[in-house]
Every structure is written in C-alpha cells, then in structure tokens.
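This report concerns only the one structure given below.
The values are calculated or read from the model by the stated rules, or taken from the named source; none is laboratory data. Keep in mind that this is a model prediction, so the values were computed, not measured. A quick note on method: Cβ atoms are made from the backbone with ideal geometry, for glycine too, and the neighbour counts reach across all protein chains shown.
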Amino acid sequence: MAESKNKVLSVNNLEINFKTDNGIVKAVRDVSFDLYEGETLCIVGESGSGKSVTSKAIMGILANNAIIQGGNIIYRGENLLEVSEDEFYKIRGHKIGMIFQDPLSSLNPIVKIGKQITEAMMLNNDKLKLMYNDLISDDLIRYKNTLAKMNIAISNEKKILEMKISELNAQEGLTSAMKAENRKKIKQMKADFKAFEKKTREEYSKQAREYKAELENSEKNAKQKVADYKKKVEDDYKAKCAGLKQRLSGASDDAEKNRIREELKAAKLEYTNSISITKEEARRRAIEIMREVGIPEPEKRFEQYPFEFSGGMRQRIVIAIALTASPEILICDEPTTALDVTIQAQILELINRIKQERNLSCIFITHDLGVVANMADRVAVMYAGKIVEYGRADEIFYDPRHPYTWALLSSIPDVNSKERLEAIPGTPPNMIYPPKGDAFAARSKYAMNIDFREQPPYFKVSDTHYAATWLLDEHAPKVEMPKIVSERIRLSLEVNHEQ
Ligand SMILES: Nc1ncnc2c1ncn2[C@@H]1O[C@H](COP(=O)(O)OP(=O)(O)O)[C@@H](O)[C@H]1O
Ligand SMILES: [Mg+2]
C-alpha cells in the first residue's frame, strides 16, 4: 500500500551531534522516515527528544556547532544535506515552508503586517530576472552543488578530526608513553585528513570545470531568450499604443475618447505586469491569502502592526507568509504550543483546511499526543534522538506497542476532567551520554535486562506499523499495556461505535 503513494521527502539514518564545552550532544540518532504526498506526519515526543533539530536539518538552519555525522535527506532526488546555498535558498523559500512555535519571533514588530506579506512576494518581483534564473537554474545548481558537496565533505571530515583530537587530548591520567602515542596518532590523523582533502578537491574540481562550461553556455542562451521576450512584449505594447492613439485622434465624442484612454491604461498595466509584479498586484494577492487564512477585514488588517494582532491572528499571518511562496511541504514545529486551548483548536483546523485545499504534505511536530489525534495520518514517536515507534495514527492510538508511547498516551489530559492523569516519571537522559539499549528503559517499569544492554531493532507490527521495543521479541514475557491506556482505548472505541 505504502509503495503506491508518492514520497515527497525521505530522511535516512540521520545522525546529528552538537559540539559543546561539556562534550558531544547526540541529538538525533539514526532517524529515518518518509513523507508521502498530501499526508500529515506527526512527530511527537517530550522536549529535548530531537524533533526541532530534525526539522531544522531539513530546512538547512542548524546551529553552527552542529555536526552532521551521517545520513541524508532526499528531496527531488537531491540530498538536502549536500546542496549549495543557491538551491537550499530556492527550496527553503519556495518548496518547503516552516512555521515555528512563537509567531512573534517570526514577525518584525515595527513593520506593518501587509508589508511583511508583500515583501516576501516583492523579493522576486522582477519577472525578467525570474525568467532568466529559471532558465539557468538547473545548470547553476548542478555546478554549485558540486562545489558544495566538496566543501561539505571536507568540512565534515575536519569536524570529525577535531572531535577525535579533542577526545584524545581530554584523556586524563596518561603515562608519558601513552601521551607520546596519542601525539603520534594525532599527527597521523592530520596527515590522513590532508590526503583526504587533496583527493576530494581533485575529484570534484574536474567535474566542476565541466559543469561550469555548460553553465556559461546556458547563461548566454538565457540572456538571449529573455532579451527576445522583452523585445516582443515591448513591441506588442508599442503597437497597441500606436493603434489606440490613432483611434484617439480620430475619435469625435468624449465618451469614446474616455473609453480609449481606459484601454491605454489597461495596456500599460498589462505591460508592467508582464515584466514585474506591481505593488498593487502584490497587495491584491496578500489580501487574498489573508482571507484564505481567516483574517477578518483583511484590507484594514493589512495596514496594522503585529502588536495589534492576537497570538492566534499572528500565527495566521505567519502561515500566510509561508503560503506566499506556494510551498509543497509545510513543517509546523509546535505551532500552537504558545496559544490558548480554544485558539489552538482553530489554528489546527486552519492548518488542516489549508493542507487539504492546497494538497500540502505536512510534518507536524508536537510534544502533546493529544494534539495529534485530529491532525495525523501517520505518527512517529521520538525519544532521546530516536524514533521508537511509528505507524498510522489509528495504529498508534489503538494499538500502541512501545512503553514510551504508552507513557505519552497516559499523560494526555482527559477530555472530561482535563486532568493529566499520569505524568511520565523521571526525566529524559543527558544526550551527551545517551543510555545503551532502549533509552527509555530507566524510566520504564516494563524494562527487562536486555533493554539496558542492547538497542532493540524495529519489530514489525503491521506493514505500516513498527516499534523498537524488546517487548515485541518472541522471547519476551507477555505484558499488558497500562490500564489507563487500555481503558481509554476501550471507551473511545465504544463512543465511536455509538456514533
Ligand atoms: N545548538 C545546540 N547545541 C547543543 N545542543 C543542542 C543544540 N540544539 C539542540 N541541542 C540539543 O539537542 C537535543 C534535541 O533538541 P531539540 O531538537 O530542540 O528537542 P525538541 O524535541 O524539544 O525539539 C536537546 O538535548 C538539545 O539540548
Ligand atoms: Mg522543539
């Protein structure tokens, strides 16, 4: 079944570390998932589990101390971790949009809302330049990507070298012989790195030279095409004007003259619109999008500042800005966490509606499994940098298998009492020293000996549902999920039946 759907994005074995003064933080550990066209994939897990780092990696906005240790993110056949800034900019601004938790930090407090929306459009208002960029885009990106791949490969290798060196230097209580041994090791590693760098540069440079020649050729062709187009538009406009002006001089009554003058104006607007996006056009589109995201009186709101908007309305504006670029994928990182519960529901509804109408593929990140119920087609549960369980939403809600998923389900506030029934005991691990085995074991009353020793593989529950817990091993004792979870499942199934 899964194979018949189109994959729009694919994350494979992603490993992301951060270099800090206290050591290496292992933030994302072997994370893989696919995003299918038109679906919402929810990534859920407690604070610190690696959700934001994963989404930032997709957006190419990781902090400077990040080390991409391994894996790839495939979008349209390219690994986003290896593309040049040109392409990333293009993708980030156009194909993949992102909405963050705090709408205030995404808006400029001293710029009117309307301007912030149109600015995003006006960035690209020169249609001739756009046309030129489009024409050379494939060749430019291929060339730049080659250089980027080279630089990324070298810089990653360098970061790994530095990490190893600092690990060796941090060793304590060494004899002088061991110290000498380490110095020798470091010298060798540095030499290996130099050799790697040289080889990598040679390999990529040859390719880059070929691509550059092709790029120069396509730049020449593109220039000619754009010039031809411009000339045609101008000639058409001039011819039309000449015709209209002749009619004007021959016209006798005022009504006729006025009609011709209107036609002249329209011709001029048509001409301007075909070489650039005018301010009026951008304003018209901005107001249309504001209406789409449910801003009442958009013409009036267009002239206001962010502080004149409520939190919910601000988040709608942020969504509107993301939509101006007509993205294909929308990443929402805890977009409602800062909002009141009622407003939260409205924003979720909005995201759902926009997703349907625009056929977006959506990655929706939250720490609250309760929020997921009405959003997700599929759910990935993350803990300590790993996906511990994933499946269709109904599989995660009605047939959860990982003790961590049980714990998250137990901690959803009850619909009636609004009480959080069972807080998850303990705290997530320090990711400088991620635990061996199943990272949740220390907090789980279902943990077995093996959980503290060995990383569980993904056990298959169904074609679409997998969980990394030793409880699914054939040798494991049969355990029941917590009563509170099974009771809830029973109750909600009953309710669904009655409806
Ligand atoms: N720039 C950074 N430097 C060091 N550690 C970081 C950095 N960014 C994130 N982390 C760590 O990575 C882990 C995952 O963080 P994050 O993805 O933000 O979690 P969440 O699931 O709450 O979004 C956390 O332990 C966090 O402290
Ligand atoms: Mg986060």
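For this structure, a couple of remarks:
- Where ARG29 falls short, out of the listed (1) of a type in the set (D, E, K, R); (2) near ligand 1 (Cβ under 9 Å from one of its atoms); (3) surrounded by 20 or more Cβ atoms within 10 Å (Cβ to Cβ): (2)
- Residues of the range 371-384 that are assigned to a strand (DSSP E or B) and either of a type in the set (Lys, Arg) or within 14 Å of LEU41 (Cβ to Cβ) (or both): ARG378, VAL379, ALA380, VAL381, MET382.
- Residue check for GLU422: more than 22 Å from ILE347 (Cβ to Cβ), at pLDDT 95 or above and of a type in the set (D, E, K, R): no
- Candidates THR20, THR54, filtered to the one that is surrounded by 18 or more Cβ atoms within 10 Å (Cβ to Cβ), within 12 Å of ligand 1 (Cβ to nearest atom) and not small (Gly, Ala, Ser): THR54
- Unique residue being within 23 Å of ARG392 (Cβ to Cβ) and either at pLDDT 90 or above or small (Gly, Ala, Ser) (or both) when the list is SER444, SER417, SER462: SER462
- Filter result for TYR229 (under 33 Å from the mean Cα position of the chain (by Cα) and of a type in the set (Phe, Trp, Tyr)): no
- Test: residue in the range 385-396 that is more than 21 Å from SER492 (Cβ to Cβ), assigned to a loop (DSSP other than H, G, I, E, B) and at pLDDT 95 or above: yes
- The condition of being touching a residue at least 40 places away in the same chain (Cβ under 8 Å) and either surrounded by 12 or more Cβ atoms within 10 Å (Cβ to Cβ) or in contact with a Gly (Cβ under 6 Å, 6 or more places away or on another chain) (or both) holds for only one of TYR237, TYR204, that being TYR204.
- Of all residues in the range 428-441, those that are more than 7 Å from ALA384 (Cβ to Cβ) and of a type in the set (Gly, Ala, Ser) have Cβ atoms under 8 Å from Cβ atoms of residues that are at pLDDT below 95 and within 16 Å of ligand 1 (Cβ to nearest atom), 6 or more apart or on another chain, in ALA441/PRO435.
- A residue that is of a type in the set (S, T, N, Q), crowded, with 19+ Cβ neighbours inside 10 Å and in contact (Cβ under 8 Å) with a residue 24 or more places away in the chain occurs somewhere in the range 72-85.
- The set of residues in the range 39-51 being within 19 Å of SER361 (Cβ to Cβ) and either at pLDDT below 95 or of a type in the set (D, E, K, R) (or both) consists of GLU39, LYS51.
- Test result for ILE68, away from ligand 2 (no atom under 16 Å from the Cβ), surrounded by fewer than 21 Cβ atoms within 10 Å (Cβ to Cβ), of a type in the set (A, V, I, L, M, F, W, C) and more than 13 Å from VAL28 (Cα to Cα): no
- Note on the range 102-211: enclosed helices (runs of 4 or more DSSP H) holding 3 or more residues that are within 25 Å of the chain's Cα centre (by Cα) and over 30 Å from PHE302 (Cα atoms) are 127-170.
- Of the residues examined, ASN258 is not one that is loosely packed, with under 13 Cβ neighbours inside 10 Å and closer than 30 Å to ASP139 by Cβ.
- First in the range 382-393 and under 17 Å from VAL11 (Cβ atoms), second anywhere and of a type in the set (Val, Ile, Thr), Cβ under 6 Å, 6 or more apart: MET382/ILE43; GLY385/VAL28; ILE387/VAL31; VAL388/VAL381; GLU389/VAL381; GLU389/THR405; GLY391/THR464
- When residues of the range 292-349 are limited to those that are among the β-branched types (Val, Ile, Thr) and under 15 Å from GLY114 (Cα atoms), the one farthest from ligand 1 (Cβ to nearest atom): ILE295
- The range 180-201: number of residues that are surrounded by 11 or more Cβ atoms within 10 Å (Cβ to Cβ) and either of a type in the set (S, T, N, Q) or more than 19 Å from LEU161 (Cβ to Cβ) (or both): 3
- Of the residues in the range 50-67, at least one is closer than 21 Å to TYR390 by Cβ, assigned to a loop (DSSP other than H, G, I, E, B) and within 16 Å of the chain's Cα centre (by Cα).
- Residues located in the range 1-49, provided they are within 19 Å of GLY70 (Cα to Cα), assigned to a loop (DSSP other than H, G, I, E, B) and among the basic types (Lys, Arg): none
- The range 332-370 - residue that is in a strand (DSSP E or B), surrounded by 22 or more Cβ atoms within 10 Å (Cβ to Cβ) and not hydrophobic (A, V, I, L, M, F, W, C) and, of those, farthest from ligand 2 (Cβ to nearest atom): SER361
- If you go through the range 68-90 and keep only what is within 16 Å of ligand 1 (Cβ to nearest atom) and under 14 Å from the mean Cα position of the chain (by Cα), you end up with just ILE73.
- When GLN346 is tested against the conditions (1) modelled with pLDDT under 90; (2) in contact with a helix residue (DSSP H, G or I) (Cβ under 7 Å, 6 or more places away or on another chain), the lone failure is (1).
- Selection from the range 39-50 of residues that are buried (at least 24 other Cβ atoms within 10 Å of the Cβ) and near ligand 1 (Cβ under 7 Å from one of its atoms): GLY45, SER49, GLY50
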